[in-house]
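Handing you a structure now.
The values are calculated or read from the model by the stated rules, or taken from the named source; none is laboratory data. Here the structure is a predicted model, which is why all the values come from computation and not from measurement. Counting neighbours? That spans all protein chains shown, and the Cβs are built from the backbone with ideal geometry, glycine included. To get the accessible areas, we keep the full protein, side chains included, count just its heavy atoms, and leave off ligands, DNA and RNA. Shrake-Rupley method; radii C 1.70, N 1.55, O 1.52, S 1.80 Å.
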Amino acid sequence: MEDSFPNHYERAFQNWLIDHRIEHLAINNQNAIELGHTGIKSFDFLLELNCGTKIIAEVKGRRFKGTTLENLSSLECWVTSGDIDGLTKWVEIFGSGCRAVFVFTYKMDNIDVDFDGKEVFEFDSNKYIFLGISLEDYCKYMKRRSPKWGTITLPADKFRECAVNLIDLLV
């Protein structure tokens, strides 16, 4: 299989999708042009679930340097205002039966990590976990992180409340 992405987080997620037999289309610049909406920030994957629901997935790669995922502490969950605006517009374009999800893809920096029941995916000699947060939930609780950089984040308690094993968002 030829990888669609140079980014290892996106490649890991794409391989996770293949392993879970989830139909998907990797969105690259050419796919975005073919969708006909070049003025909107593109997303990373379009998923089609067995029930017919379409999921617009935006992958956010992060490193985890800790030793336990208990309480989901020390996990970065920032996005850009462009991510929020773009996903919101794509959901409007695709219409009913479509929703958007941030896929926080955490690469484990340490070998010995307490995964606290989270699904671990091994890819290219690395370990990853995938946590999902719906765009709807993210927008409910988001707060400005950096006006200069246009970044937004979730308060830690809201992140813990909203972040779920990705597979749970897709069933």
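Using a 1.4 Å probe on the protein chains only, how many percent of the accessible area of the chain belongs to carbon and sulfur?
In the chain, the share of accessible area belonging to carbon and sulfur is 45 percent.
Set the Förster radius R0 to 30 Å, insert the Cβ-Cβ distance between Glu70 and Asn126 as r into 1/(1 + (r/R0)^6), and round the FRET efficiency to 0.05.
0.90
Each label point is 7 Å from the Cα along the Cα-to-Cβ direction; what then is the distance between the points at Asp85 and Arg62, in nm?
Label at Asp85, label at Arg62, 2.3 nm between them.
Any of Lys41/Lys127; Lys118/Lys148; Lys60/Lys158; Lys54/Lys148; Lys89/Lys118; Lys41/Lys65 with alpha carbons more than 25 Å apart? Name them for me.
Where the Cα-Cα span goes over 25 Å, the pairs concerned are Lys41/Lys127; Lys118/Lys148; Lys54/Lys148; Lys89/Lys118; Lys41/Lys65.
With 20 Å as the cut-off, how large is the P(r) tail for the range 91-171, expressed as percent of Cα-Cα pairs?
46 percent
Pull up all non-local amide H partners of Ile27: gap of 5 or more, or a different chain, and H-to-H distance under 5 Å with H placed in the peptide plane.
Phe45, Leu46
For Asn7 and Glu119, compute 0.36 nm times the residue count separating them, minus their Cα-Cα distance, and round to one decimal in nm.
Difference between extended and current length: 38.2 nm.
With each label point set 7 Å from Cα along the Cα-Cβ vector, what nm distance links Asp19 and Asn165?
Simple spin-label model gives 1.3 nm for this pair.
Something else: Can you tell me which of 63-72, 127-136 comes out highest on packing, and rank the rest after it, using the mean Cβ neighbours within 10 Å?
Ranked by mean Cβ neighbours within 10 Å, highest first: 127-136, 63-72.
At 1.4 Å probe radius, can you tell me the per residue accessible area of the chain in Å²?
Result: 53 Å² of accessible area for each residue.
Using only the alpha carbons of the chain, determine the length spanned along each of the three principal axes and report them from longest to shortest in whole angstroms.
45, 40, 30
Work out from phi, with θ = phi - 60° and the Karplus expression 6.51 cos²θ - 1.76 cosθ + 1.60, the ³J(HN,Hα) of each residue of the range 141-151, listed in order in whole Hz, and give x for Gly and Pro.
Working through the residues one at a time gives 10, 5, 9, 5, 9, 9, x, 4, 9, x, 9 Hz.
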